[in-house]
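Below: the structure, in structure tokens.
Laboratory data are not the source of any read-out in this text; all were calculated from the coordinates shown. Please read these numbers as outputs of a predicted model, since none were measured by experiment. Glycine also receives a Cβ, built like all others from the backbone with ideal geometry; neighbour counts cover every protein chain displayed.
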Amino acid sequence: MTFQPGESVGPYRIIEQLGQGGMATVFKAYHPSLDRDVAIKVMHQAFMQDPQFLRRFEREAKVVAKLDHPNIVPVYDFAEHLGQPYLVMKFVQGETLKAVLDRGWPAKERILEIVRAVGNALSYAHGQGVLHRDIKPSNVLLNDSGGVFLTDFGLARMAAAGQSTLSGDQLLGTPHYISPEQARGEQNLDEGTDIYSLGIVLYQLCVGRVPFSSDTPFSIIHDHIYTPLPLPRSINAKIPEDLEKVLLKALAKDRQDRFKNVAETVQAFERAVQGISPWAPAESAAVRPNAVRAPTESVAVGPTADRAPAKSAAAGPTATGVKTESVAVGPTAAQVPAQPAVTAAQAVPKPARRTARWVWVVGGLLMTTLCLATFLISMAGALDGTAAAAPQTASVPIQSQAIATPTLESDPMAAAEHLVGIEPNSPEAHQELATALQAAGQVERAAGEYTRAAELYLDQADYAGAVNALLAGLALPGANLSGDPGVAGLLTQALFLGAEGGQMMPSLETVEQRYPGWPPLPALKARSLLYTGELDAGKALLDRALKAAPDDPIANAVMIDGLRLAGDLAQARESTARLLERKPLPPWLVEHLHAVQAALSS
């Protein structure tokens, strides 16, 4: 279920849908009492399978709502509507940085403003103990008056904290900008993860494309973790050596080797673009926000006319007045960008050492990679998929595919992971990966993949497949249905909805053998009996379920089925309306009840 134009959501009136991504859908809405437009972001329904999510959503929303900075999109309100939580944010009339880069690079002065604003917003948020976790051009909003705003603080954290196992692609947003530690699923993230993502944006502004791109999110994530960064000067020869070193440092695989904060990152970038050594002592301890030095003639930032980076799609919501997609692209071959420079952020950090050991380490690794290029080229894959290439005199980095064919043949887990990368929405692929992980003793990951397979089976209305995947996950060592509300919610949904096809009785018997005291079981068995024609047995079991828990929404939904099957449509309509007034109900049950209500009204 999603919000519809004209629908009232709390005090807000939905006007139109602006975009949709893996974590949220964004709508433009009107707030009559304050006479202003707002952006409403409603979280993906899959998060509702975790009964603790609403509490966590409220906690994170309160943290984000306290951010008060001119370059951060403010959060006005948060609430839930028909069991779906949503954020109310400032509506920014304009477009995203991603949309601007799709058309071509903006003027140099505009790029200065954008980078300065993003750096200031991040520095402020980090000072408040808040990470962004999903920095990318589609989360940088540019309004019609020249303002620059960073949006979607907290969404990635809300998603990552959920027990619902949305796929890594959805949790992480666009994989082109993800840090290695975030890609590995590490929990102890710090501002270094935002520095890396910001570094990808700076790399894109300089080179004209993101460093890693591929046909599958899995391959991109693999490259962020393992593949050396393509040297910027091998793609854009006019980039100064100092600027290349700044990008390499910001994008170091080990976060300890990156700049220590965002302000230091932006300052080093600015100085390198201006032809000043980023490792030399700063001129002063304070930054004049509007003081911008003109870049030297030798600096060229952005793609050149003979190199046209290709588009790679990954949709995501925005809070702007235009519909855009979360896609990392550069201009077409006919668009030659201006040469941007960057100012420093709010405070000037201590300068880095003039000579750093990490440069030699990275250089050695890259030289080794290039020496192996001839041997590996048959297995290599271009990141951006374009026909355009660097000049023959330039050093062209080799970007290998995430998994080479010999590895796939000899390693079942690698083969299964590769299959998931190729078909991320295939429940069979996730179930195969779960089986491989289980065989390797990786129980926790296997459980997550079984659950993800079940979610995808449910999306396809394959309820038997969902139940089988969930039961396989529950058979893992340490699994406990009562201890995993997310899995319990999915199992309830699959057994309830699958009853209409008359195919759930064997699965229900299995569940009863394993978990005889599971609370939803009597009502679910009653529904299955009703739809297999055993009305008397179903009614008797339902009566016992309602007597034990008269307010149980599942039992009451089954009661409505009994009324419909018995021909008492008036009572069924009344009971449906009453049940829909209760909060909260699982979103899938709300959808089911609305469908019942529509059928009863026809």
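Numerical summary
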item: Listed residue pairs exceeding 21 Å between alpha carbons, taken from 41/260; 41/90; 66/583; 98/238; 41/136; result: 41/260; 66/583; 98/238
item: 14 Å beta-carbon shell around residue 576, net charge (K/R +1, D/E -1); result: -1
item: Listed peptides 251-262, 460-471 by packing density, highest first (mean Cβ within 10 Å); result: 460-471, 251-262
item: Principal axis box of the stretch 8-90, alpha-carbon based, largest edge first, Å; result: 35, 28, 23
item: Per-peptide average of other Cβ atoms within 10 Å, ordering 487-497, 421-431 highest first; result: 487-497, 421-431
item: Theoretical FRET efficiency, 1/(1+(r/R0)^6), r = Cβ-Cβ of residue 58 and residue 190, R0 41 Å, to 0.05; result: 0.95
item: For residue 24, residues with placed amide H under 5 Å, excluding near neighbours; result: 44
item: Peptide ranges 575-583, 270-278 listed from the most packed, as the mean C-beta count within 10 angstrom indicates; result: 270-278, 575-583
